[in-house]
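Heads up, the thing below is written out as structure tokens.
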Amino acid sequence: MLLCQVRADSDLRIAANRIEPVQKGERRKVQARLFRKRLVADDVCIVDLRFPAGVRIPFKAGQYLHVLMEGEQPRSFSMANSPKANDGAQLQVRVLPGSIFGERILATMQAGQTVELELPFGDFYLREGALPVVLVAGGTGFAPIQSLLEEALPKYPDRSFTLYWGARHENGLYAMEQIQKWQRRHANFHFVGTVSDGPPPAGCRSGLVHEAVLADHANLTDHQAYVCGAPLMVSACREAFIQTKGLPAANFFADAFVSVNS
Ligand SMILES: Cc1cc2nc3c(=O)[nH]c(=O)nc-3n(C[C@H](O)[C@H](O)[C@H](O)COP(=O)(O)OP(=O)(O)OC[C@H]3O[C@@H](n4cnc5c(N)ncnc54)[C@H](O)[C@@H]3O)c2cc1C
């Protein structure tokens, strides 16, 4: 559950799996300028935003930002760019029919126009260590994982990273060139793509993404898992990885892409 979004009906007793110091970086609001937008799948738009000249906002790979719109609740989108490129933000937006930011604002936004952002937020980032890492992305859940891998693959060449990316249709796997680049450059990076409705592209599998992870691993006892995407996919992974594959609960990290209106 997202503690920032739920309200308790009664007193609660809370057991924390892990308590980590929170480094309160500088969270800032900024007017970002649209540099470029590209429709890369039927319903996915990649948006490159630039901060004003000289403005850099540090963040951890995997974190997200708020798009601020007058009279609307903030909308959360993960930064897909590497933290090194912190003079702007790349968003990978699933454009839902009738959506306020995706359809109403983004669709009409022209290069040079601005949008107000606040960042960074979130604790979906890579934990240090040597344990092999399984990353699971559903649709635009690829965005924070792209940022995380861009930073981690060159930094930790001896650590194993396996990315499972699932989409409904082939064109939902919209960053195959990027993935092939990682495959060529990093011996310890592995990729499994899945498509649930329709034929998979060459080298990918049919079915649900979490089922591919389950099929490939007898157990996950000595792994870390990073999962990002639709809430149902995230909870299916949490349950299956911890309960049937022995992943320690403290090694499961996730951002569920909850919609403000759902
Ligand atoms: C931490 C975090 C990070 C996120 N990162 C990303 C990201 O990188 N990319 C991304 O695309 N999204 C991301 N999301 C999800 C995104 O914030 C929400 O989908 C948000 O509501 C989109 O805003 P919008 O204004 O475009 O659509 P809204 O106006 O909020 O929603 C439009 C309508 O679509 C409906 N709707 C919402 N989700 C679905 C769905 N899955 N299927 C069908 N209908 C739906 C809503 O109920 C609503 O009626 C993230 C969410 C969280 C919590």
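What the Cβ-Cβ distance of Asp11 and Lys181 gives, at R0 = 41 Å and to the nearest 0.05, is a FRET efficiency of 0.20.
Loop-located GluC sites (Glu not before Pro) across the stretch 96-175 with a Cβ neighbour count of 10 or fewer within 10 Å are Glu128, with loop assigned by DSSP. Oblate is the label for the stretch 1-106, because the ratio a/c of its alpha-carbon gyration tensor axes (a ≥ b ≥ c) is 1.5 or higher and a/b is not greater than b/c. Farthest towards the positive end of the charge dipole of the stretch 47-160, among the residues Phe124, Pro97, Met69, is the Cα of Phe124, using unit charges on the Cβ of Lys, Arg, Asp and Glu.
The order of Thr244, Thr140, Thr162, going from fewest to most other C-beta atoms within 10 Å of their C-beta, is Thr244, Thr162, Thr140. Which of rounded, prolate or oblate describes the stretch 167-248 when judged by the alpha-carbon gyration tensor and an a/c cut-off of 1.5? Verdict is oblate for the stretch 167-248.
For the residue pairs Lys84/Lys245; Lys37/Lys60; Lys37/Lys245, the alpha carbons lie more than 32 Å apart in Lys84/Lys245; Lys37/Lys245. The modelled label-to-label distance for the pair Leu68/Ala202, using points 7 Å beyond Cα in the direction of Cβ, is 4.9 nm.
Applying both filters, DSSP loop and at most 14 other Cβ atoms within 10 Å, to the trypsin sites (Lys or Arg not before Pro) of the stretch 79-113 gives Lys84. When the Cα gyration tensor is reduced to axis lengths a ≥ b ≥ c, the ratio a/c stays below 1.5 for the chain, which is therefore classed as rounded.
Sites listed here are GluC sites (Glu not before Pro) in the stretch 1-94 whose DSSP assignment is loop and whose Cβ has at most 10 other Cβ atoms within 10 Å: Glu26, Glu70. With both residues required to sit in the chain, DSSP beta bridges show an antiparallel share near 55%. Taking label positions 7 Å along the Cα-Cβ direction at both Val55 and Glu103, the computed distance is 3.0 nm, reported to one decimal.
Here, each number is a calculation from the coordinates, and none is a lab measurement. Values in this document were obtained by computation on a predicted structure and should not be read as measured data. Because the Cβ atoms are built from the backbone with ideal geometry, glycine has one as well, and the counts that use them run over all protein chains shown.
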